[in-house]
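Below is one structure, written out as structure tokens; the observations come after it.
The values are calculated or read from the model by the stated rules, or taken from the named source; none is laboratory data. Keep in mind the model is a prediction, meaning the values are calculated, not measured. All Cβ positions, even for glycine, are placed from backbone atoms using ideal geometry, and neighbour counts span all protein chains on display. Quick note on the areas: whole protein, heavy atoms, side chains included, nothing else; ligands and nucleic acids left out. Shrake-Rupley method; radii C 1.70, N 1.55, O 1.52, S 1.80 Å.
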Amino acid sequence: MPKNFEAGPFRVRVPATSANLGPGFDALGLALGLYDDVSAEIAPSGVRVAVSGQGAGELPDGDRHLVVRSMRAAFDRLGGNPPGLVVECVNRIPQARGLGSSSAAIVAGVLLARALVVEGERRLDHEAVLRLAAELEGHPDNVAPCLLGGFTIAWTEPSGARAVTRRVAEGVRPTVFVPGGRGLTAVARAALPATVPHGDAALGAGRAALLVHALTAEPALLLPATVDRLHQEYRAAGMPATAALVSELREKGVAAVVSGAGPTVLALSAPPDGFEAGRDWQVLRLPIDVSGARVARGRLGHAERDPVAAGRKS
């Protein structure tokens with residue numbers, strides 16, 4: 001084993017996430033009980049990546065894979081890259097659907113690299129992991145709940161990203177409606193205007209503050225708390241089915257929003273009995289993940305290699 005590296009292997013379980021939650025644009029996020037499992041170990045040379053489940057046969061291989069790119073960035077912060085890597089990914093988080101698949105890959109890569117370096121946790125503490133993951137992702141709203149679990153409020157200072165977690169109140173029961181088609185964050189962001197009316201900004205600030213209260217103390221206020229004028233209306237033309245489902249659910253009293261940049265829809269309160277979204281939507285009722293990313297020594301086990309089941313947190 002090269003000097004300064006652990007023998008490994010190590011594995012990490014990372015949760016899906018939903019960002020924005022309506023008015024909390026680029027700030028609020030929620031970790032959900034659907035997981036990717038990733039393992040990595042040092043190799044004498046080369047980079048080998050095996051992917052099963054979501055994205056198998058589609059994602060870039062070798063050094064182009066996002067987990068590997070994130071590991072490389074973390075290794076650079078920790079003093080240098082190893083001669084080679086073997087990575088295995090069992091993906092259950094839908095790709096490019098607004099459920100944080102890229103953030104999960106980034107967090108997994110950074111944490112695995114840290115685990116594979118001698119005294120890595122001392123040299124790259126949890127705050128530094130968050131800062132690096134946010135740099136790689138471009139914003140902290142998904143990486144924060146993926147790393148920390150639960151409901152997170154994230155922001156960026158000159159020194160980098162920071163985040164706090166809050167316990168979610170009983171009665172918040174997320175349901176996600178995942179469409180077959182994919183979305184691209186870059187396209188969704190390109191639909192946003194450079195400026196918004198002052199009244200819309202003021203409404204967004206008030207509703208985001210109310211949303212923190214609703215999620216942590218008074219879920220009965222989730223419907224008014226999830227009103228948004230900063231991003232969802234501007235993106236509606238690019239994902240009309242998503243916009244229509246959000247409107248339909250809200251008309252029925254359900255606190256529904258676009259999950260991240262879409263096209264998945266997140267409902268923070270339960271849809272009415274008998275509600276049918278249509279066959280184009282996969283409906284998943286997910287618990288809130290309260291643990292965040294978890295690292296352990298060893299390869300992926302039989303249950304962790306199941307690309308279908310969400311499994312239990314390790």
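Worth a mention:
One line per residue, one yes/no per condition, for (1) more than 30 Å from G204 (Cβ to Cβ); (2) among the β-branched types (V, I, T); (3) at pLDDT 95 or above:
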{"residue": "T17", "(1), (2), (3)": "no, yes, yes"}
{"residue": "L28", "(1), (2), (3)": "no, no, yes"}
{"residue": "F75", "(1), (2), (3)": "yes, no, yes"}
{"residue": "L85", "(1), (2), (3)": "yes, no, yes"}
{"residue": "C89", "(1), (2), (3)": "yes, no, yes"}
{"residue": "A128", "(1), (2), (3)": "yes, no, yes"}
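- Sole residue being under 19 Å from the mean Cα position of the chain (by Cα) and part of a loop (DSSP other than H, G, I, E, B), chosen from I106, I93: I93
- Index of the failed condition, F177 passing every other in (1) surrounded by fewer than 15 Cβ atoms within 10 Å (Cβ to Cβ); (2) within 21 Å of C146 (Cα to Cα): (1)
- Candidates V265, V246, V258: the one that is over 30 Å from G109 (Cβ atoms), β-branched (V, I, T) and surrounded by 18 or more Cβ atoms within 10 Å (Cβ to Cβ) is V246.
- When Q95 is tested against (1) of a type outside the set (D, E, K, R); (2) open to solvent by 10 Å² or more (accessible area, probe 1.4 Å); (3) in contact with a strand residue (DSSP E or B) (Cβ under 9 Å, 6 or more places away or on another chain), only condition (3) is not met.
- In the stretch 152-164 there is at least one residue matching the filter, namely being surrounded by fewer than 19 Cβ atoms within 10 Å (Cβ to Cβ), free of Cβ contacts under 8 Å to residues at least 24 places away in the same chain and touching a strand residue (DSSP E or B) at 6+ places or on another chain (Cβ under 6 Å).
- Among the residues making up the stretch 98-128, those that are buried (at least 24 other Cβ atoms within 10 Å of the Cβ) and aliphatic (A, V, I, L, M) are L99, A104, A105, I106, V107, A108, V110, L111, L112, A113, L116.
- Considering the stretch 6-24, and only residues there that are touching a Ser or Thr at 6+ places or on another chain (Cβ under 6 Å) and in a loop (DSSP other than H, G, I, E, B), the residue that is least open to solvent (accessible area, probe 1.4 Å) turns out to be G22.
- Some residue of the stretch 185-200 being among the polar types (S, T, N, Q), modelled with pLDDT of 95 or more and surrounded by 15 or more Cβ atoms within 10 Å (Cβ to Cβ): no
- Filtered residues of the stretch 138-151 (kept if farther than 24 Å from A205 by Cβ and either touching a Leu at 6+ places or on another chain (Cβ under 9 Å) or without any contact (Cβ under 8 Å) to a residue 60 or more places away in the chain (or both)): L147
- Meets criteria (within 30 Å of S52 (Cα to Cα) and touching a helix residue (DSSP H, G or I) at 6+ places or on another chain (Cβ under 6 Å)) for V265: yes
- Selection count, the stretch 25-59, where residues are in a loop (DSSP other than H, G, I, E, B) and either more than 24 Å from V227 (Cβ to Cβ) or touching a strand residue (DSSP E or B) at 6+ places or on another chain (Cβ under 8 Å) (or both): 10
- Lone unmet requirement of (1) under 20 Å from the mean Cα position of the chain (by Cα); (2) outside any strand (DSSP E or B); (3) of a type in the set (K, R) for K3: (1)
- The set of residues in the stretch 285-314 that are surrounded by 18 or more Cβ atoms within 10 Å (Cβ to Cβ) and at pLDDT 95 or above comprises L286, I288, D289, G292, A293.
- Helices (runs of 4 or more DSSP H) wholly inside the stretch 202-274 that include at least 1 residues being among the charged types (D, E, K, R): 232-235, 240-251
- Meets criteria (crowded, with 21+ Cβ neighbours inside 10 Å, touching a residue at least 60 places away in the same chain (Cβ under 8 Å), within 13 Å of the chain's Cα centre (by Cα) and part of a helix (DSSP H, G or I)) for S70: no
- Hey, R166 within 16 Å of A19 (Cβ to Cβ) and within 20 Å of the chain's Cα centre (by Cα) or not: yes
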